[in-house]
Structure formats: structure tokens, C-alpha cells
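Okay, structure first, notes after.
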């Protein structure tokens, strides 16, 4: 089973996501701000990172993802977004934003598990 | 003299002929005046305009030719006939050369005379008509010229850009705004201009000019003329028809829509913020409910209860946020019903304090309320003013430290009722202070993570203060505390009061 880091400033989302993933046998570590998030990833080398796009600032998550990649942390990242694409803030997987998967909140436990398994599987294949 | 009758002057020294002709013409319905010599003829013929004059060639005092010259000099349209017994080719030529309509050889038959006169009068009518037309035409030309300058002045003074291009793609009319908006320089009339226009606009113009048929519609395009949203214009191209119905050219009207674009951007930014803020609690509650309903999760009853309670907390805050948003929207649309009356600010603040007793005790805060006035009065809506101070008191308590202090000081100066709310709380960094009144902005750090709020309180407060023409000051030091100073104008209130009294006096 895998070690997963969840970085989100919403304690309810942290708890709910943690519960879902631990129930599947994963080990979960959490942080509620970008600085702590960076630290737990460096200290624990998780297999997967789940990252909220908007913490203190609307693009905190992006900057943290970029910081990981710049420092050669290639751990796959799932980005949580809660801003609908219909209002112009369209995020996509590209060079600028080095994440592997986008998930729009709210997300059901089943969806979360499915996305996590898919990405872990892909990562192991690589 | 009958004004409707045509007037004829007869100048002849021969009495019989003079009177005979007069009788004849009067019978034909003319108004006839006679003169028995040249002197009298000139005097009469130059004092009123006659339709026609029959002038004898040979008179004792003056030559008929001279009389004719004088009359024509004054009234060029009087039709003159020279009557002569010595009719010859030469006299005929001389008479017509100086301006006679024709000559009548003496003796003449009545029919001969009448025929000549009717021809002459016809000619006169034509001349008069021609003269009238000429005058009208000159007037119209003047008017057109005047109209053109007036049109130019109007076009040059309007703030929208106007550019007219003929079917060859040459500029035929433009105003300074058009040049400014389209960043065109040194343009000459009748210069080929299509390739100098912004690409999208040029394409639009070509659609009209290159079309084989006349396109009866307008096309609009929005152009960003300067980077960083500094200049946005909207250009509308419409066809201009030629008299034969074909295309003469196009008229382009260019509007500056920069401000609109800015508002549009602010609006979508706000909508995006609102959506995010509303979606966060929904996502949390959704996650909890999914967990509870998922049998495979095997949640303990305690855990289920905890998640239900946490969901309720999130929904409560969501509801508060929606209410705050509705309040903001009501304030923006100015649909709030205000009941303005005299309020005692000290009483209002004391009442608010009572509501927060529990929280004050919990944090063991030292609260001190001072006022320079026994009754600090302000005219306002009770709900709004209460809401305003509730916000500051609530913040002063929420963001305070254990065993801290909250000092409220009310003072009145000439212009304002100043209420100072000073807490010994966690304070703010300068950057945080700048964003304080932005919608949804909440200071986030290790101290604030357990403090709930919608992030709309201070932005509502700001709107209330603005609506009373007041102002607000913030002083804050990170870790030490924050002081808010609310200035509510008293002078304005007093002025309004005076006005009302004056009006009352006038109406009595």
C-alpha cells in the first residue's frame, strides 16, 4: 500500500479524504498550508501528493507544485480544484502546471479512490 | 393701381396714339400709365417697376433709346418695346442691342401690338422665373456649405471615433477620436487606409468592399488596442449606399469600451471568488455525507455523529455567507429600506456588548467603554449602525488573545463622531491590512485557523460607512493588536436637518 500526502487548508476535506484513503489501507500524512506541505513531502517521500489549488491565495497550489518539480520531486500530484471551468479559470494538464491529474471538488470517496489507484498504478508502471 | 393687373407704361409725344393705345390695352385688362415726353417717361419708368414699356423712338426732349436705357438700368426685367415710324434694320438692331425686347413699326395694328406684348410678357415671366431659381440655388449652395461645416464640427466633437472609407478603400472622412482609438497617424483624405487598420477591422471592412452584392447589415468587432487592458474599443462597420443603391463605402463607428471591460473583469473575478467560497463548504459536506452513506467505510456511530455535526457547522457558515452576499447585493442595488432616526451610539455599543458576554468571559477580556459625550447621537438606520459596530466588536473579541483587552472610545469633533475600537489581539501584517476590506479576504495564519467567518464582514462594513459618507482608519501591529477608527459625519447630518427646517418654513 502507498504513502499519500494531502495538502489542503480545509480541515474537513483533510479528514474526509484521509479517512477514505486509510480505509483502503494507505498511509496518509497531512498539512494545511503550503510550507508545511512542502516539509512533509521532503521528510516522508510519499508515493502520491493530493494538493488543493487554493489555500491562502488563489494559486498557492500551483506554486507548490512548481516548487516540487523545480527541486526534482517527481511524485505524482492530484490537484483539487473548486473553481468551475465555466467561469473562465480553465486549468489543464500542461507544462506550466506540472501536475498529473485534476479533480474538481466535491469528490465522492469512490472517485477519489479510483483516481488515486489509477495514478499509483501508472507511476509503478513507469 | 390694381396690384394683380400687369402694368404697362406708354411713352409717346403723340397724344392720339398715346390715348388710343392706352384704351386698347386697358380693354385687354392691363393697367396702363402714360407719359407725354421722355423726361416724364424716365421719371415714371424708374419710380415703379412696370411689366412692360412701349417707348416712342423720337421725342422732342429725349431719344427713346435713352429712356429705355434708364428704365432698364433700374428695372432690368421691364420688357421694353421701341415704337418707331422710321423702322429700319439699323434701328431694330440698335434697339435690341441696348436691351429692347423688340421694336414695333408705326403705325401698328392692335393685333400686332398685343401679340408683341404677350410675347414680351412671356419672356419677362421666364426671366423672372430664372432669376428666382438662381437665387434659390445660391441659397441652397450656401446652406449645403454651411451644413457641411456644421456636420464636420459635430463629427469632430463626438467622443466616439468615426471613419468613413469609400469603395476604393480610401479614407474620406474621419474625426480625431477615430485616429486616437485606431492608433492612426498622419492620415490624409483619400489615402488608401485598409492596410493601416487593425487586422480584424480590416477584414471586416473588406467583407463589405469585396462583396459582389450590397450587404445590408452592420458588423461589430472588439479590439484590444493597448496591452494590459488599457484600451479596448468596439468598432461597428456599416455600409453606406450610393444613390443608385450600390455600395459607396463603409462608415465605421469606434467606441471606447475600456471601462466596460474593466467592470466585466471585476465581475467575473467576483463571481469566481463567490463560486469558490460557496463550493468549499459544499465539498466538505458532500464528502462527509458520502462517507456516512458508504457502507464499506464502516464508520462508528460516534464518527458518523461527528461528521454530521461538522457538516452542520459548515452549512451554518454557508448560510451566513449567502445572507451576507444577499446583503451586499441589496446594498449595491440600493434596495435596502432605511429608517433614519437619531441613534445613541453608546447605547448601541452597550447592547452589542451584552450579546457577546459569553465570549468575553471565555477569553477573560478586559472591556472598557468610554465616551466624551453623555449621549453621542448620530442619525442613521438602527439595523445598519448596529451591524457596523457588531462587526468590529465581534472581530475585536474573535481575534483577541486570552486575558486581552478591548477598548472602545467615542469622541465627537466638529465634523465627525469618531468611534475607536482597540483590541490587544493578534494584529496584522501591512500586506494583510491592505486587503482587509476585500470580499472574502481573511487573514490566514497559525492564530486564525480556528476562527470562523465569511470574509465578508468588513466589506459590508465598508459599504455601510461609505453610504453614510463616513470613513474608516486601521492601525495594526502584528502580534500586538488592531485599532479601527470609524468616522461618521455629523456636519452632513446637521446640514440635512437645516434644509428640512428651511423647506418647512417655505412651505408654511
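The values are calculated or read from the model by the stated rules, or taken from the named source; none is laboratory data. None of these values were measured; they are calculated from a predicted model. So basically every Cβ, Gly included, is an ideal-geometry build from the backbone, and we count neighbours across all protein chains shown.
Here are some notes:
- Residue in segment A:1-13 that is within 14 Å of chain B (Cβ to nearest Cβ), part of a loop (DSSP other than H, G, I, E, B), buried (at least 20 other Cβ atoms within 10 Å of the Cβ) and in contact (Cβ under 8 Å) with a residue 60 or more places away in the chain present: yes
- Residue that is farthest from the other protein chains (Cβ to nearest Cβ) [pool: residues in segment A:94-126 that are in contact with a strand residue (DSSP E or B) (Cβ under 7 Å, 6 or more places away or on another chain) and modelled with pLDDT under 85]: A:100
- For segment A:46-93, a residue qualifies if it is away from chain B (no Cβ under 14 Å), at pLDDT 80 or above and part of a loop (DSSP other than H, G, I, E, B), and the qualifying residues are A:46, A:47, A:71, A:72, A:73, A:74, A:75, A:76.
- Restricting segment B:262-275 to residues that are in contact (Cβ under 8 Å) with a residue 40 or more places away in the chain and buried (at least 16 other Cβ atoms within 10 Å of the Cβ), the residue that is farthest from residue B:308 (Cα to Cα) is B:273.
- Test for residue B:229: is it modelled with pLDDT under 90, over 30 Å from residue A:9 (Cβ atoms), more than 14 Å from chain A (Cβ to nearest Cβ) and in contact with a helix residue (DSSP H, G or I) (Cβ under 7 Å, 6 or more places away or on another chain): yes
- Residue count for segment B:287-327 satisfying the condition of being at the interface with chain A (Cβ under 8 Å from one of its Cβ atoms), surrounded by fewer than 19 Cβ atoms within 10 Å (Cβ to Cβ) and within 27 Å of residue B:442 (Cα to Cα): 1.
- Any strands (runs of 3 or more DSSP E) falling wholly within segment B:175-289 and containing at least 2 residues that are closer than 18 Å to residue B:155 by Cβ and not assigned by TED's automatic domain parsing to the domain that holds residue B:310: B:231-241, B:247-256
- Members of segment B:71-89 found to be touching a helix residue (DSSP H, G or I) at 6+ places or on another chain (Cβ under 7 Å) and either surrounded by 16 or more Cβ atoms within 10 Å (Cβ to Cβ) or touching a residue at least 40 places away in the same chain (Cβ under 8 Å) (or both), listed by number: B:71, B:77, B:78, B:79, B:80, B:81, B:82, B:84
- Among the criteria (1) free of Cβ contacts under 8 Å to residues at least 12 places away in the same chain; (2) within 11 Å of chain B (Cβ to nearest Cβ), the one residue A:20 does not fulfil is (1).
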